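The values are calculated or read from the model by the stated rules, or taken from the named source; none is laboratory data. Just so you know, these numbers come straight off a predicted model, no measurement behind them. As a convention, Cβ positions derive from the backbone with ideal geometry for all residues, glycine included, and neighbour counts pool all protein chains shown. Surface areas here come from the heavy atoms of the whole protein model, side chains and all, with no ligands, DNA or RNA. Shrake-Rupley method; radii C 1.70, N 1.55, O 1.52, S 1.80 Å.
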Amino acid sequence: MGSEERAAVDRVLRSGIIAQGPEVAKFEEEFASMCGVEHAVATSNGTTAGHLVMLSNNIGPGDEVITTPFTFFATASVIMMAGAKPVFVDIEPRFYNIDPNKIQSAISSTTKAIIPVHLYGCPAEIDTILDIAKKNNLKVIEDCSQSHGAKYQGKNVGSFGDLSCFSFYPTKNLGAIGDGGIILSNNKALAAKCRLIREYGWKERYISSIDGINSRLDEIQAAILRVKLKYLDRDNQKRIKIAEHYSELLEINNLKLPEVSSNCLHVYHLFVIRTTLRNELKEYLEANGVFANIQYPVPCHLQPIYRENDSSNNCLLTEKISNEILSLPVYPELSIDAVNKVASLINQFLA
Ligand SMILES: Cc1ncc(COP(=O)(O)O)c(C=O)c1O
C-alpha cells in the first residue's frame, strides 16, 4: 500500500463514516463510468454480487442457469444459493471460455439466464452469446471477476450483459485490501432492485420493502479501490508486457501458450500455459523456488456437490484441459528478471 492509499484510509477514518457512505457512492460512479455502464451497486464481495443478481432476476427453485464448468466455484455456487440448478456447458479449446456452439442444445423450457465468465482476463465470445440469449429470451450475466479492464471489440467487458459482476479480492486486476465486489447494469430497475436487496430490502432505514441481505461494501475498501482504479490501465499494461515477454521466451514445443484474439484486449489476470507434463513441471518449478498454481484443479461439474445434484454434464474438454493447465506468476510488480528466470526453467525442463 502506497502513500495515496494510506491517505485514502486516513480520510475515511477521520470521516467517521465506515460502511457504504460517500466513498462507496463515488467509487460506484467512477467504476461504472470506466466500464461505460450507467448503474453500479457495490457489494461486500463478488459472490454476494452474483447472489444479488440471481435474486433480483427472481431466479430460484425450478429454474436453470447455463454457465461454464471451467471457472472459480463461486460462479456456479450463486446459482445453487438461489435454489436454481446450474447447467454446465463445455468450453472451447482456444481461450477456455464457454463454447457458444454448445449453448443452444443446453437450453430448456426452464432456462432463465446464461453466465459467461471472461476467464483469466480473456473475453468470452459475447456477441454470439447475446444473440442466443435474445433468441431464447434469456438474461446474460457477465462474470467479470477476472477481467477488469478487458475489452471485446473495443468495449469494456461488463457492458454487454443485462448485468455483470466483479470481485475485488486482493489478487484481482483491481483488488481491494480485503473483500469487495460490484454489480453493473444499464437497466435502472434491475440495478435499483439489487440496491434494495443489498441492504435488507430497505427503501428507508429499518423499513424492509422486499426481502434482502447484507452485502455492503465498506468505506475503507471503496477509498482504496478509488486510488487503485486510477492505475488499472497502467497495471494491465504491465501484465500484458509480462505475458508478451513469457510468450517470446517460451519455446513452444510441448507447450500451449495463451492465445489472443485480434478483437479482444486480454488483461492477463492469469498467464496459463498447458502441457501434458503439468504435474512434473509444477514440481520442478517449486523445487527451483517458483510457485505455479493450478486454476482450477477440479472443474465445477466434478465438485462433489454438483456430482450429487446434476447428471446432465458432458464436459470432456474441460476435464482434459484442467489436467494440463499451469498458471505462471503474473502481477504488475513482477520483474523482467523474474520472468526470464521462470521461462528459462520451463525451457530447461521441457528440453
Ligand atoms: C470467476 C470468479 N467468479 C466469482 C468470484 C467470487 O468473488 P469473491 O471471491 O470476491 O467472492 C471469483 C473470485 O475469486 C472469480 O474468480
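Note the full-extension length gain between residue 13 and residue 231 as 0.36 nm times their separation in residues minus their Cα-Cα distance, in nm to one decimal. Please list the in-between numbers first.
Values: separation 218, 0.36 × 218 = 78.48 nm, distance 2.32 nm.
Stretched fully, the residue 13-residue 231 segment lengthens by 76.2 nm.
When N is the residue count of segment 40-89, what does its C-alpha Rg come to as a fraction of 2.2 N^0.38 Å? Provide the component values of the computation, followed by the final result.
Values: Rg = 10.5 Å, N = 50, 2.2 N^0.38 = 9.7 Å.
Normalised Cα radius of gyration, segment 40-89: 1.08.
If you take every residue apart from residue 282 with its C-beta less than 13 Å away from the C-beta of residue 282, what net charge results, scoring Lys and Arg +1 and Asp and Glu -1? Walk me through the intermediate numbers first.
Values: positive: 274, 278; negative: 280, 283, 286, 324.
Result for the neighbourhood of residue 282: -2.
Once amide H atoms are placed 1.01 Å from N in the peptide plane, what residues at a sequence separation of 5 or more from residue 64, or on another chain, have their amide H within under 5 Å of its amide H?
85, 111, 112
Past the 31 Å Cα-Cα mark, which pairs from 85/320; 203/238; 85/230; 155/228; 112/282; 85/256?
Among 85/320; 203/238; 85/230; 155/228; 112/282; 85/256, the Cα-Cα distance tops 31 Å for 203/238; 85/230; 112/282; 85/256.
Classify segment 1-141: rounded, prolate or oblate, from the alpha-carbon gyration tensor (a ≥ b ≥ c, eigenvalue square roots; a/c under 1.5 rounded; otherwise prolate if a/b is larger than b/c)?
Working: a/c = 2.46, a/b = 1.93, b/c = 1.27.
Taking the square roots of the gyration eigenvalues as a ≥ b ≥ c, segment 1-141 is prolate.
In whole percent, and with a 1.4 Å probe on the protein chains, what portion of the accessible area of segment 48-156 is carbon and sulfur?
Values: 1890 of 3610 Å².
For segment 48-156, the apolar C and S fraction of the accessible surface comes to 52 percent.
How do 165-173, 285-293 rank on mean C-beta neighbours within 10 Å, highest first?
Numbers: 165-173: 22.7, 285-293: 13.6.
Final packing ranking: 165-173, 285-293.
Above 35 angstrom, tally the Cα pairs of the chain and express them as a % of all pairs, no decimals.
Values: 14477 of 61425 pairs.
Considering the chain, 24 percent of its Cα-Cα pairs are separated by more than 35 Å.
Taking 7 Å along the Cα-to-C-beta vector as the label spot, tell me the residue 344-residue 80 distance in nanometres, rounded to one decimal.
4.6 nm
Counting heavy atoms of the protein chains only and a 1.4 Å probe, report the per residue accessible area for the chain as a whole number of Å².
Values: 15380 Å² over 351 residues.
Per-residue accessible area for the chain comes out at 44 Å².
Of the listed peptides 127-135, 262-270, what is their order by residue-averaged count of other C-beta atoms within 10 Å, with the highest listed first? Could the numbers behind the result be given before it?
Working: 127-135: 15.6, 262-270: 20.3.
Result, highest mean Cβ count within 10 Å first: 262-270, 127-135.
Which value, in Å² and to the nearest 10, is the accessible area of residue 211 when all protein chains are kept and the probe is 1.4 Å?
Approximately 140 Å² of residue 211 is accessible to the 1.4 Å probe.
Starting from segment 251-351, pick out the trypsin sites (Lys or Arg not before Pro) whose DSSP state is loop and whose Cβ has at most 10 other Cβ atoms within 10 Å.
Working: sites: 256, 274, 278, 282, 307, 320, 341; in loops: none.
Qualifying residues, ordered by number: none.
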